[in-house]
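Novice: Shown below is the structure under consideration.
The values are calculated or read from the model by the stated rules, or taken from the named source; none is laboratory data. Note that the structure is a prediction, hence the values are computed from the model and not measured. Cβ atoms come from the backbone with ideal geometry, glycine included; neighbour counts cover every protein chain shown. Accessible surface areas use protein heavy atoms only, side chains included; no ligands, DNA or RNA. Shrake-Rupley method; radii C 1.70, N 1.55, O 1.52, S 1.80 Å.
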Amino acid sequence: MIVLGIETTCDETGAAIVEDGRIIHSNIVASSADLHARYGGVFPELAARRHIEAIRPVVEEAMAKAGVTAQDIDLIAVAHGPGLVGALLVGVQFAKGLSIAWNKPFLGINHVEAHLWAAAMEATPPLPALGLVLSGGHTLLLQIDQFGTYHPIATTVDDAIGEAFDKIATLLGLPYPGGPHVEALAKHGTPRFSLSPGYVKRNPIDFSFSGLKTAVLYAMKEVTTEQDKADLAASFQETALRDVVHKARLASQKFSCQSLLFGGGVCNNQRLKELFHTAFPNTPLYFPSPALTLDNAAMIAGLAYQKFLHSPYSDPLDLEAKTRISFQPKA
Ligand code: KG4
Ligand code: ZN
């Protein structure tokens, strides 16, 4: 079964052709990060406008690279949330248009669930698993009993972890998106600044990064040399990542956790991987390969295949783009 996946939740326009949920024939991503660099974060209207320009060529490129025509495609899948509404609308409307023109079923897919699914496209993790979505838009820990049945355990009460990396990068004068730059600078530093992780009183397993951000802002006053900057980057990274590891440990103790599944751009961080391998030496850890970690359409197509196999249907043409989709436990 051939699925065309479409992804436009934030600043990446993605299209992919995936066969039987796992064989990725193409996975094209056009990023508009260059447009947002001067603002230090995603400028929603600019992202939406770039999606409008990019969506058709990106879909055509994905089909050409995979060597498929409209007739070969069995299902169209689109991320319909969560994300920026203007950006989402472009992908959702495009998918609906293709569905009508080609007379093919289409499915709206939860982008965050697809981030979790990415690791399962390349392996078969034992369940129940602890799922961790660590991206520019989300910081989520949840218990995965099976795909489709989730129990949320923790989330962030303010910034997402990737967003915190991006903002710290701006403070340190590094380019956007900042996560990889903070990581690169931190490699040359010693985490000697004393910074505290965020604490959320009503649910101490939840995340908060705004206090840590402010602490870095104040610590900037002590930064005079390039070495100081690297030390501060290392201090921030160490504090934020150790906080994730600590809370993942607490979360994993709430059920009979058999494996950990990672998704989202921050999971590319090598220090994060080191810390998790040390903290969970006896638990299998599943990190998707980099092309499936950042926002991409292959994970959308992969998850859609799985859902379609389970119950073949087409979403109605009035399916909405949703800025938020909650993870409610489903039977
Ligand atoms: O999953 P993703 O492409 O987009 C969202 O769904 O948000 O993740 C992008 C985020 C950005 O905030 C970026 O700075 C962060 O992932 N990121 C990293 C690294 N690579 C990407 N953060 C820390 N270390 C990295 N190596
Ligand atoms: Zn994402």
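Novice: Tally up the residues in the stretch 99-146 that are aromatic (Phe, Trp, Tyr) and free of Cβ contacts under 8 Å to residues at least 60 places away in the same chain, please.
Specialist: Total satisfying the criteria: 1.
Novice: Moving on to the next point. VAL78 passes all but one of (1) open to solvent by 10 Å² or more (accessible area, probe 1.4 Å); (2) more than 14 Å from ligand 1 (Cβ to nearest atom); which number fails?
Specialist: (1)
Novice: Taking the stretch 283-292 on its own, how many of its residues are in contact with a strand residue (DSSP E or B) (Cβ under 7 Å, 6 or more places away or on another chain), outside any loop (DSSP other than H, G, I, E, B) and open to solvent by less than 40 Å² (accessible area, probe 1.4 Å)?
Specialist: Result for the stretch 283-292: 1.
Novice: So in the stretch 20-52, with the set limited to residues that are hydroxyl-bearing (Ser, Thr, Tyr) and buried (at least 19 other Cβ atoms within 10 Å of the Cβ), which one is farthest from the chain's Cα centre (by Cα)?
Specialist: Result: SER26.
Novice: ILE17 passes all but one of (1) within 17 Å of ASN296 (Cα to Cα); (2) under 19 Å from the mean Cα position of the chain (by Cα); which number fails?
Specialist: So the condition that ILE17 fails would be (2).
Novice: Going through the stretch 158-176 one residue at a time, which ones are open to solvent by less than 40 Å² (accessible area, probe 1.4 Å), within 16 Å of ligand 2 (Cβ to nearest atom) and not aromatic (Phe, Trp, Tyr)?
Specialist: ASP159, ALA160, ILE161, GLY162, ALA164, ASP166
Novice: Considering only residues that are hydroxyl-bearing (Ser, Thr, Tyr) and either closer than 16 Å to GLU113 by Cβ or part of a helix (DSSP H, G or I) (or both), which ones fall in the stretch 302-320?
Specialist: Once the filter is applied, which keeps residues that are hydroxyl-bearing (Ser, Thr, Tyr) and either closer than 16 Å to GLU113 by Cβ or part of a helix (DSSP H, G or I) (or both), the stretch 302-320 yields TYR305, SER311.
Yes/no per residue for (1) closer than 21 Å to ALA118 by Cα; (2) open to solvent by 30 Å² or more (accessible area, probe 1.4 Å); (3) within 16 Å of ligand 1 (Cβ to nearest atom):
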position	(1), (2), (3)
THR224	no, yes, no
PHE236	no, no, yes
ARG249	no, yes, no
ARG271	yes, yes, yes
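Novice: Of the residues PHE308, PHE280, which is surrounded by fewer than 20 Cβ atoms within 10 Å (Cβ to Cβ), of a type in the set (Phe, Trp, Tyr) and within 18 Å of GLU19 (Cα to Cα)?
Specialist: From the options PHE308, PHE280, the qualifying one is PHE308.
Novice: Return the residue satisfying two criteria in turn: it lies in the stretch 252-269 and is within 16 Å of ligand 2 (Cβ to nearest atom) and part of a loop (DSSP other than H, G, I, E, B), and of such residues it is surrounded by the fewest Cβ atoms within 10 Å (Cβ to Cβ).
Specialist: The residue in question is ASN269.
Novice: Here is a further query. When you go through ASP243, ASP315 one by one, which is the residue that is outside the structural domain of PHE106 (by TED's automatic domain parsing), open to solvent by 20 Å² or more (accessible area, probe 1.4 Å) and among the charged types (D, E, K, R)?
Specialist: ASP315
Novice: Looking at (1) of a type outside the set (A, V, I, L, M); (2) assigned to a loop (DSSP other than H, G, I, E, B); (3) farther than 16 Å from PHE106 by Cβ; (4) open to solvent by 50 Å² or more (accessible area, probe 1.4 Å), which is the one condition that is false for ASP295?
Specialist: With respect to (1) of a type outside the set (A, V, I, L, M); (2) assigned to a loop (DSSP other than H, G, I, E, B); (3) farther than 16 Å from PHE106 by Cβ; (4) open to solvent by 50 Å² or more (accessible area, probe 1.4 Å), ASP295 is out only on (4).
Novice: Quick one: count up the residues across the stretch 81-109 that are closer than 27 Å to GLY264 by Cα, open to solvent by 20 Å² or more (accessible area, probe 1.4 Å) and not in a helix (DSSP H, G or I).
Specialist: 2
Novice: Among the residues of the stretch 136-157, write down those that are at pLDDT 95 or above, under 30 Å from LYS221 (Cα atoms) and crowded, with 17+ Cβ neighbours inside 10 Å.
Specialist: THR139, THR156
Novice: Would you mention how many residues in the stretch 42-56 are assigned to a helix (DSSP H, G or I), within 20 Å of GLY136 (Cα to Cα) and in contact (Cβ under 8 Å) with a residue 24 or more places away in the chain?
Specialist: Matching residues across the stretch 42-56 total 6.
Novice: Keeping to the stretch 1-11, report how many residues are within 16 Å of ligand 1 (Cβ to nearest atom), modelled with pLDDT of 95 or more and open to solvent by 20 Å² or more (accessible area, probe 1.4 Å).
Specialist: Residues in the stretch 1-11 being within 16 Å of ligand 1 (Cβ to nearest atom), modelled with pLDDT of 95 or more and open to solvent by 20 Å² or more (accessible area, probe 1.4 Å): 0 in total.
Novice: Another question about this same structure. Those residues that are touching a Gly at 6+ places or on another chain (Cβ under 9 Å) and within 16 Å of HIS115 (Cα to Cα), I need them from the stretch 138-160; list them, please.
Specialist: If the condition is that a residue be touching a Gly at 6+ places or on another chain (Cβ under 9 Å) and within 16 Å of HIS115 (Cα to Cα), then HIS138, THR139, LEU140, LEU141, LEU142, GLN143, ILE144, TYR150, ALA160 are the ones that fit.
Novice: Can you spot a residue in the stretch 204-220 that is of a type in the set (S, T, N, Q), in the same structural domain as GLY265 (by TED's automatic domain parsing), open to solvent by less than 80 Å² (accessible area, probe 1.4 Å) and touching a residue at least 40 places away in the same chain (Cβ under 8 Å)?
Specialist: Scanning the stretch 204-220, I find at least one residue that is of a type in the set (S, T, N, Q), in the same structural domain as GLY265 (by TED's automatic domain parsing), open to solvent by less than 80 Å² (accessible area, probe 1.4 Å) and touching a residue at least 40 places away in the same chain (Cβ under 8 Å), so the answer is yes.
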